[in-house]
Structures are given as C-alpha cells and as structure tokens.
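The values are calculated or read from the model by the stated rules, or taken from the named source; none is laboratory data. No experiment lies behind these values; they were computed from the predicted model shown. So basically every Cβ, Gly included, is an ideal-geometry build from the backbone, and we count neighbours across all protein chains shown. The accessibility values were calculated without ligands, DNA or RNA, using every heavy atom of the protein model including side chains. Shrake-Rupley method; radii C 1.70, N 1.55, O 1.52, S 1.80 Å.
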Amino acid sequence: MSACMCTLQSRSQYATFLRKAGLLEADQDVFHIIASANGGADHTHNYHFAQNQSWNRAIGSQHDFINCYIAGKIKAEKAVTISRVLGNGSISYSGPDALTLYKMGENIMRTMRREHRSDWVNLMQARA
C-alpha cells in the first residue's frame, strides 16, 4: 500500500484511498473540516475521516467549529491554514482562526455534556 501524501486531492480520491486501505466504511464520509462553501480547501490537511454520513450532511457548512473540535487543535490549524492559502477554487477561507473555532466547538460540547449528563444515567438505570 502506498503512503498517502498530504496533497491537493478531491474528497472522492481521498475516500478511495481510505477505502482501499480498509479505513473507511460504506456509511462513513470524508468531510471538510472547514466547509468547502466557506472556502475550505480540497486538501488532505482539510479532511477529517471518517464520520457518519448523516452527521456530515446534517451539520453542513454552518458548523466548522464543531468539525475543528472533533478534528483536534493541530488538524484544525492545518485545515484553516491550507484553506486560507488555497481556498476551494472560488473563494478562500476568511473566517475565525483555528483556536477560536476549536474553543467554540469545545464550549458547545461541554454544554451538551452538562445538559445531557442525566440522560446517560437514566439510560443506564433503565437497562439495569
């Protein structure tokens, strides 16, 4: 198996590589960390794999901050940097920096965990 180079390539090319390597299931997507609609580059630095297809489609281009949090600080920085440089062919990313996006996503996840902590406890008690 050849190594995947960090290069400009389409999502479908990257997905094909991952499927051949056994790293992408049929119900998973490669998705842009910075959405293409927001100037996100078609580059391996701006791809995160693999997420559930319905999740990827549900968050669309309005939640780059959640993608940055899921991807992690280092990958988010690479995604923002490459998207500012290359863009999507029509526009370049001009939104918040990676750390700001990461922190926004972290805050959303923290709030969600806090608000739904009892849901997990109730679910486990119902199973007992």
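Points worth noting:
- This model, with +1 at the C-beta of Lys and Arg and -1 at the C-beta of Asp and Glu, gives segment 1-94 a dipole about its Cα centre of some 160 debye.
- Cβ-Cβ distance of T7 and M112, R₀ of 41 Å, FRET efficiency by 1/(1 + (r/R0)^6): the value works out to about 0.70.
- The sum of -39500 (n - 2.57) across all DSSP H runs of n ≥ 4, divided by the residue count of the chain, sets its helix-only mean residue ellipticity at 222 nm to -17500 deg cm²/dmol.
- Other residues lying with their Cβ under 12 Å from the Cβ of M104 contribute a combined charge of -1, Lys and Arg counting +1, Asp and Glu -1.
- Heavy-atom accessible area for H45, with the other protein chains in place and a 1.4 Å probe, reaches approximately 40 Å².
- Gyration tensor verdict on segment 47-106 (Cα atoms; rounded if a/c is under 1.5, prolate if a/b is larger than b/c, oblate otherwise): oblate
- Annotation: extensible slack from V85 through R19 equals 20.9 nm (criterion: 0.36 nm per residue apart, minus Cα-Cα distance).
- Aspartates and glutamates with Cα under 19 Å of K103, excluding same-chain neighbours fewer than 8 positions away: D64, E77, E115
- Under 15 Å, Cβ to Cβ, from Y69 - net charge with Lys/Arg +1 and Asp/Glu -1: +2
- Overall form of segment 1-127 per C-alpha gyration tensor (a/c, 1.5; a/b vs b/c): oblate
- The trypsin sites (Lys or Arg not before Pro) of segment 7-99 include none that meets both conditions, a loop assignment by DSSP and at most 11 other Cβ atoms within 10 Å of the site Cβ.
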